[in-house]
Amino acid sequence: MHHNNQFVKKTKKGQIRKVVREHYLRDDIWSGTPLDEECEASAHKLSASASHYLVIDTNIALHQLDFLEHPAITDVVVCSVVLEEVRHKNSAAYQRLRALCASDAKRFYVFANEHHRETFIKSEAGESPNDRNDRAIRVATKWYADRLAGRMEVILLTNDSGSRRLAEEEGVRAIGAASYVRLLRPDATELLDMVAAGTVVEEDPEEEDGGAPVRSAKRKRIYEEHKTFSEVQAGIREGRFHQGALRVNRYNPYEGYVGSDSVGQDILLAGRSHMNRAMDGDIVAVELLPESEWRGPSSKLPGQGKATGGGSDAAEEEGNEEEDVGAGAEPEVFQVGPPDDPSVLAQRAGEEAKQPTGRVVGIISRNWRSRGYCGSLKPPSAHARPLHGASNVLFLPVERRYPAIRIQTRQADSLMDKRLVVAIDSWPSDSTHPLGHYVRTLGTIGDKDTETEVVLIENDINTSPFTPAVHECVPTLPWRVTEDHLAQPGRTDLRHLPVCSVDPPGCKDIDDALHVRPLPNGNYELGVHIADVTNFLRPGSAMDVEAAARATTTYLVQRRIDMLPKPLTEDICSLRGGEERLTFSVLWEVNDNAEIQSTKFTKGVIKSRAALQYAEAQSRIDDPRLQDEITLSLRTMNKLAKILRRRRAERGALQLASPEVKFTIDTETHDPLDVGMYQVQEANQMVEEMMLLANVSVAEAIAHHFPSCSLLRRHPVPAPRQFEPILQAAAAVGLTLDVSTSKSLAESLDAAVRPEDPYFNKLVRILSTRCMTQALYFCSGDHAPHEFLHYGLASPIYTHFTSPIRRYADVMVHRLLAAVLQLESLPETARDREGLRAGADNLNKRHRNAQLAGRASVELHTLIFFKDRTVHADARVTKVKANGLIVFVPKYGIEGPVYLTPRADGNSNSGPSSSSNNKAVAESAFVLDEKKQTVVSRDGSVRYRVFDPCAVRIHVEEGYGHRRQLVLELISREQLQEAEQMVA
Amino acid sequence: MANVEKKVCLPGDLVQKLPEEGVLRLGPGLETREQHVAAVKSGVAHQNKSGSLLWLEGRQKRYIPAEGDVVVGTIVDRYGETFTVDINGPLLALLPQLAFEGATRRNRPNLKSGDLVYARVAAASRDLEPQLSCVDNLGRATVMGPLKDGILVQVTSSQARALLASPPAPVLQALGASLQYEVAVGQNGRVWVCSASPRTTVLVANAISASEFLSPLQIQTLVGRLVAQIQ
Amino acid sequence: MEYVTPEGLRIDGRRPKELRRLDCSLDVLQSADGSAVFQMGNTKVLAAVFGPHEVEVRNQMKEDKAIIKCEYAMAAFSTGERRKRGKSDRRSQELSLVIKAALEQTVMVELLPRTQIDVYVQVLQADGGTRVAAINAAVLALASAGVPLRDLAAGCAAGYLEGHSLLDLNFQEDSAGGPDCSIALHPNSDRLVLLQMDSRLPMDTFEAVLNLAQDGCRAVASFMRQRLLEHTRKLAMARGAVRA
């Protein structure tokens, strides 16, 4: 049967056009249930034994996805009109809905009502499209009800009361989501929690506590209403408003920065009302405040409550909380790692220096995560009434940047000690906190696996196992190099070379191997051999698509989430000792002074003589008795590496320090047994130099041949103001650092020595590292050649080539190099600039996420390590504040606050050890001298300055429901044992 | 051999299998293809009683010349000793000036461009222009020759055949019952009509045009109505 | 844009292997020797045939066969926005040649040497698949003009989108940028007389699409046959040549 859809459309140019499209109505669309005799067996999806069938409307499909995804909801009919509407409005929701429809267990049947002869309706005169669609859903429900009359009840699920009324009139049973759960599904207790807190307009006012918070006329507006989209657009055009992305301060969730091109500087947003319900990552429109109201970021450490969180109940209910303290907004002790984002640095630069300050007037694009936020419920305060039945509770995300979320749950009691996932639904202007709903429970707080799961979800790391399609791409084991491989064009037989690899202990995925041998003319042949991953990873294959999405292997303390399947990473590609393997090799002829005479790239086959560990390699080099080929080769390499390193330093390469620590893990319980600083030896540096040389050579080669579509890595020169934190700290102790060039900085760092404190130099380096910008992957066509510079390595060009097993960037570079050598043509996708740019962004994002996840995992293990231990350790002051210090503990690589003034509810952990200090502390307040970075007690007896050595006691404080927090307290230095005192 | 009943055929249809032996004559619209007789036009396939002749009766507006047909042609031009005549066919036909009764070198028919002639197709070949003649083999004109006055009506090939059938076509009979007129039907789909008054001529012409698909009864009614208009 | 839903329905509700609604009328123009209107879905094409008659331009005349002059034009009102196209714009010229080539193989031109057959094709409504609809209409018009034909050539288009081979693309699907393969064939002998494709396809997919298009052509051919048969019979009955 045939029908022509006619409608009139307005084109972009403003022309009016009539559009006529065919619309066929069919007789072969089935109802999907075995109860209907006419339905074809192949279309049976709905169960004959369900208690009722649900038909959902568009609003439910858009907003109640978590509810629908709950296992208790099954046997649902989704009309095609609903699917179409969802697809147009929200593609993420559409993907989830499609996943539900595809799942066998859920039994969601897609009913093509628009093409079914009996359920297709024409829109009536004056009917809006929305009304027509709602009517279509009702007609479909009635069709089902009539067809299955007496055999199965069919219910329309909709939160729109108008629709429900019309449905009743038409003889169709209709019910709202919350009522549905309450009346018909008493079996699923947690189901009610998952019903999203919708906007109040949709819900029937009689529908009280179940679905949404009651809007009492007395609730006052707490936040300014956001301006409408058109007002915001107009304001931006006229320059009254500025657009930018919001970055929230990690240590103070009610302070954030909006990067703005139109103002030229970051705009500070201070305080909750100025942030006006914007969250980290949202694109917002900001109005600048008058200059008289401009301020600098907060100079105090926020929050002095205990791990349980402070604030009164009453304050929470009505939202009268203090400006800068949210419940549980204490800065936690955290791991120090590679540079943080600029917002934090900008905060540290110039305390009290005024900055353009503004407030949010509208949100252009929300960045709420559809996968939800991990965290746990805020524990009730001491005198709270016991929780039973449905209750509004606050959910605190683990990521400090996000505010607490208010959710409704009936299981508050049992969830108090659990890690949960919660999704945000809305943030009306009369609610202090955003409204959300419970999605699922991960496990108990503090449990290693649960917390690891949290780390992975928060950093968006995909841990699902590889699909069968991916496994198909892996050659079967046992695998060996065959004649065919040797016969490949461009592959050289290098099995005669004395190749060996040097890696950390326990490393199974060996992606690089080295060799050097003297040449007759007095020069050396130096070779770096990298696992030939692209031989197995073909562009466009399932494995390639998955690897590109993951972009990197994530290293957690106890676990590794691989980018590629294990057989490849640990066996087929891994350059194991004694095995023949395929490589992509870089061979140089260098003279005695490590100057490159010629470079050659080739694919190869090697047979690694040995797979050594760093310690082994080091001892072989050091042992004069050993004179075998490999050891001689290592020594030559070491010699050359030292020359290269020195030359790099002369050019201005920075030697920065990393405060990474290493855990020794108990093999049975997987708990950390010990933690210590990562020791870097000569052998590490040797391998590093060789890898750098290879990366630079490859970068030059690919950029020469593909100037507009090479994947390179740059390290932008930090802006002078980024150095202010370290400059200020250095100035306070009379040290000057010349940051004009990387060379001058390197020299200054070398000169920054304190004879009485051997660790001082390392500390200065660590603090300088924090001022650095992030190194980033980029497409060579997007930047001018002078911007290819890698500041830290002082190299004009750089890329990643040497670790294709664990980084997808290297895979892309391998493909580029193979194209340069004309071994393989470059796939279309690799030439597409837009695609490359998006790819580089993804690589950067995933790299960063993996780093954050790794750091978070270390933090987690640190917490576990200290769980039943109290330790005294040496520390250094890195920052002074009016009421406390930030100290860094080198041995464990942790940095955190210690308070000088006693805490709000008294500090009972003092004990005799800190008596003298504490007395002074208790009796006097402290005075802060920003310039000299010193804080002195009022009576002058106690004085702390940046870089001062001090000592801390570290222990874990256990709070409500397994919530644990690492706590540092100052102790006197004399208490430290000799062995604990820091040496460089 | 199988008797082909009056079967409606379409281009490309296989009408019947070629006989093993014997002679089969095919009329226009049919040709042999592989081992079959195939139709190349749409129409009704007919066979004579003995099955030795197969032909296709179609309905076209365009005429394909066949030897022996009588046609009404329009003189187009005169080249030397021949007239070129438009007979509604693929090519213009040639009519020698001497192919008229009693025509000699000195006594040529005085025909101008636009005049009508009733002629027979003396020779028709695929590759050559059709040859017309207004005399038969023995030199007699019978009905052929120039046509004066009157008007030209266009009909389809099948209607022309119907008009030439005997007993006379219903429309001609019906008209003849009340009117006096002269008509010359060409198998090329052109019919010349002439009568005493122009009004009658036009009436006859209209009647012929309209009567292609009417049943005899309907034709009676039509003619009756038309005639009543005159009288 | 989803062209085929997971349930197997296209934008207009057809399944991937279904043709649009077909319709045709014959002998619609009085003045032409043969004419036909052919409709595939919302694509509607009118074809008119004149001839065979004398060749107009002497030097184009062929001694051994008829020449076919074909003109393809789109009416200004045929698409969503009114656009006056000349007959000499590139696309129309290309399509004229394409249709001519297909017809030259269908018409038995050797039976009518030194003559000319004119075919005029006018697109009244365009909604994808105009060239094959034009060929279908032209063939029907030729049949109704009594021009000798080898077979009733039928045309159909097929494409490949989102992993599905789709038959008879409409305008939206055609504009999606996927490959679009138009073919015409003689149903009795399965000989292709037209094969055109734009964009690219891997070989095995191409074969699948081609087979689908051929099936489509056969379906169109049987529709055309049935309608032409009806028309011929009706006329024959009307003049009494055949009993009911």
Residue by residue through region A:102-153, note down the ones that are buried (at least 18 other Cβ atoms within 10 Å of the Cβ), within 14 Å of chain C (Cβ to nearest Cβ) and under 39 Å from the mean Cα position of the chain (by Cα).
A:PHE108, A:TYR109, A:VAL110, A:PHE111
Only residues that are in contact (Cβ under 8 Å) with a residue 60 or more places away in the chain and in a loop (DSSP other than H, G, I, E, B): list them for region A:123-162, please.
A:LEU148, A:ARG151, A:MET152, A:THR158, A:ASN159, A:ASP160
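Can you tell which of A:ARG247, A:ARG215, A:ARG295 is surrounded by fewer than 22 Cβ atoms within 10 Å (Cβ to Cβ), at pLDDT below 85 and touching a Ser or Thr at 6+ places or on another chain (Cβ under 7 Å)?
Details: A:ARG247 fails: at pLDDT below 85; A:ARG215 fails: touching a Ser or Thr at 6+ places or on another chain (Cβ under 7 Å).
Selected residue: A:ARG295, the only one of A:ARG247, A:ARG215, A:ARG295 that is surrounded by fewer than 22 Cβ atoms within 10 Å (Cβ to Cβ), at pLDDT below 85 and touching a Ser or Thr at 6+ places or on another chain (Cβ under 7 Å).
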Within region A:59-101, restricting attention to residues that are hydrophobic (A, V, I, L, M, F, W, C) and touching a His at 6+ places or on another chain (Cβ under 9 Å), which residue is surrounded by the fewest Cβ atoms within 10 Å (Cβ to Cβ)?
A:ALA93
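It is to be established whether one or more residues within region B:34-42 are assigned to a strand (DSSP E or B), in contact with a His (Cβ under 6 Å, 6 or more places away or on another chain) and touching a residue at least 24 places away in the same chain (Cβ under 8 Å). Before you say what the answer is, go through the steps one by one.
As a first pass, look at region B:34-42 and keep what is assigned to a strand (DSSP E or B): B:36-39.
With the extra rule that they be in contact with a His (Cβ under 6 Å, 6 or more places away or on another chain), the set shrinks to none.
Within region B:34-42, not a single residue is assigned to a strand (DSSP E or B), in contact with a His (Cβ under 6 Å, 6 or more places away or on another chain) and touching a residue at least 24 places away in the same chain (Cβ under 8 Å).
Only one of these is part of a helix (DSSP H, G or I), within 14 Å of another protein chain (Cβ to nearest Cβ), closer than 19 Å to B:SER42 by Cα and not polar (S, T, N, Q): C:LEU235, C:LEU152. Name it. Show your work before the answer.
Details: C:LEU152 fails: part of a helix (DSSP H, G or I).
One residue alone meets the criteria, C:LEU235.
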Output the residue which, of all residues in region B:92-109 that are at pLDDT 90 or above and buried (at least 23 other Cβ atoms within 10 Å of the Cβ), is nearest to the other protein chains (Cβ to nearest Cβ).
B:ALA93
Which condition breaks for B:VAL72 when tested against (1) in contact (Cβ under 8 Å) with a residue 12 or more places away in the chain; (2) more than 14 Å from chain C (Cβ to nearest Cβ); (3) over 14 Å from the mean Cα position of the chain (by Cα)?
(3)
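Just one of B:GLY51, B:GLY27, B:GLY80 is closer than 22 Å to B:GLY186 by Cβ and small (Gly, Ala, Ser); which is it? Give the steps one after another, and end with the answer.
Numbers: B:GLY51 fails: closer than 22 Å to B:GLY186 by Cβ; B:GLY80 fails: closer than 22 Å to B:GLY186 by Cβ.
The match here is B:GLY27.
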Got a number for residues in region C:38-67 being acidic (Asp, Glu), facing chain B (nearest Cβ under 9 Å) and assigned to a loop (DSSP other than H, G, I, E, B)?
2
For the structure I just gave you, tell me whether C:ALA66 is out of contact with any Lys or Arg (no Cβ under 8 Å at 6 or more places or on another chain), surrounded by 22 or more Cβ atoms within 10 Å (Cβ to Cβ) and closer than 18 Å to B:VAL40 by Cα.
no
Of the residues that sit in region C:1-37 and are free of Cβ contacts under 8 Å to residues at least 24 places away in the same chain and outside any loop (DSSP other than H, G, I, E, B), which one is farthest from the other protein chains (Cβ to nearest Cβ)?
C:SER25
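Could you grab me the full set of residues in region B:7-21 that are away from chain C (no Cβ under 14 Å) and farther than 25 Å from B:SER125 by Cα? Break it down stepwise before answering.
Quick first cut of region B:7-21, residues away from chain C (no Cβ under 14 Å) only: B:16-21.
B:GLN16, B:LYS17, B:PRO19, B:GLU20, B:GLU21, listed by residue number.
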State whether one or more residues within region A:657-669 are over 30 Å from A:GLU451 (Cβ atoms), among the charged types (D, E, K, R), surrounded by 15 or more Cβ atoms within 10 Å (Cβ to Cβ) and touching a residue at least 40 places away in the same chain (Cβ under 8 Å).
no
Exactly one condition in (1) modelled with pLDDT of 95 or more; (2) touching a His at 6+ places or on another chain (Cβ under 9 Å); (3) of a type in the set (Gly, Ala, Ser) is false for C:ALA133; which is it?
(2)
Residues being under 21 Å from C:ASN42 (Cβ atoms), outside any loop (DSSP other than H, G, I, E, B) and in contact with a Gly (Cβ under 7 Å, 6 or more places away or on another chain) - total across region C:157-182:
12
(1) modelled with pLDDT of 90 or more; (2) on the phi < 0 side of the Ramachandran plot: which one isn't true of B:SER125, the others all being true?
(1)
Output the number of residues of region A:21-41 satisfying the condition of being charged (D, E, K, R), more than 14 Å from chain C (Cβ to nearest Cβ) and touching a residue at least 12 places away in the same chain (Cβ under 8 Å).
1
Filtered residues of region C:140-160 (kept if aliphatic (A, V, I, L, M) and touching a strand residue (DSSP E or B) at 6+ places or on another chain (Cβ under 7 Å)):
C:LEU140, C:ALA141, C:LEU142, C:ALA143, C:ALA145, C:VAL147, C:LEU149, C:ALA153, C:ALA154, C:ALA157, C:ALA158
Which listed residue is out of contact with any strand residue (DSSP E or B) (no Cβ under 6 Å at 6 or more places or on another chain) and farther than 22 Å from C:VAL55 by Cα, from B:GLY114, B:GLY43, B:GLY139, B:GLY58
B:GLY139
Of the residues in region B:138-166, those that are of a type in the set (Lys, Arg) and within 14 Å of chain C (Cβ to nearest Cβ) come to B:ARG161
Wholly within region A:448-533, which helices (runs of 4 or more DSSP H) include no fewer than the required count, namely at least 2 residues that are over 24 Å from A:LEU817 (Cβ atoms)?
A:448-458, A:468-472
Output the residues belonging to region B:43-69 that are assigned to a strand (DSSP E or B), of a type in the set (A, V, I, L, M) and either touching a residue at least 40 places away in the same chain (Cβ under 8 Å) or more than 9 Å from chain C (Cβ to nearest Cβ) (or both).
B:ALA45, B:LEU53, B:LEU54, B:LEU56
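What residue, among those in region C:157-195 that are among the polar types (S, T, N, Q) and under 19 Å from A:HIS23 (Cα atoms), is farthest from the other protein chains (Cβ to nearest Cβ)?
Within region C:157-195, the subset among the polar types (S, T, N, Q) is C:165, C:170, C:172, C:175, C:182, C:188-189.
Still in the list and also under 19 Å from A:HIS23 (Cα atoms): C:170, C:172, C:175.
Details: C:ASN170: 7, C:GLN172: 7, C:SER175: 12 Å.
Within region C:157-195, the match that is farthest from the other protein chains (Cβ to nearest Cβ) is C:SER175.
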All conditions in (1) more than 9 Å from chain B (Cβ to nearest Cβ); (2) in a helix (DSSP H, G or I) are true of C:SER144 except (1)
Exactly one of (1) within 14 Å of chain C (Cβ to nearest Cβ); (2) free of Cβ contacts under 8 Å to residues at least 24 places away in the same chain; (3) among the small types (Gly, Ala, Ser); (4) surrounded by 15 or more Cβ atoms within 10 Å (Cβ to Cβ) is unmet by B:SER125. Its number?
(4)
Residue check for B:LEU132: part of a strand (DSSP E or B) and assigned by TED's automatic domain parsing to the domain that holds B:GLY80:
yes
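Looking at this structure, is C:ILE117 on the phi < 0 side of the Ramachandran plot, more than 14 Å from chain B (Cβ to nearest Cβ) and modelled with pLDDT of 95 or more?
Numbers: on the phi < 0 side of the Ramachandran plot: yes; more than 14 Å from chain B (Cβ to nearest Cβ): no; modelled with pLDDT of 95 or more: yes.
Judged against the criteria, C:ILE117 is not a match.
The values are calculated or read from the model by the stated rules, or taken from the named source; none is laboratory data. Note that this is a predicted model, so its numbers are computed, not measured. Glycine also receives a Cβ, built like all others from the backbone with ideal geometry; neighbour counts cover every protein chain displayed.
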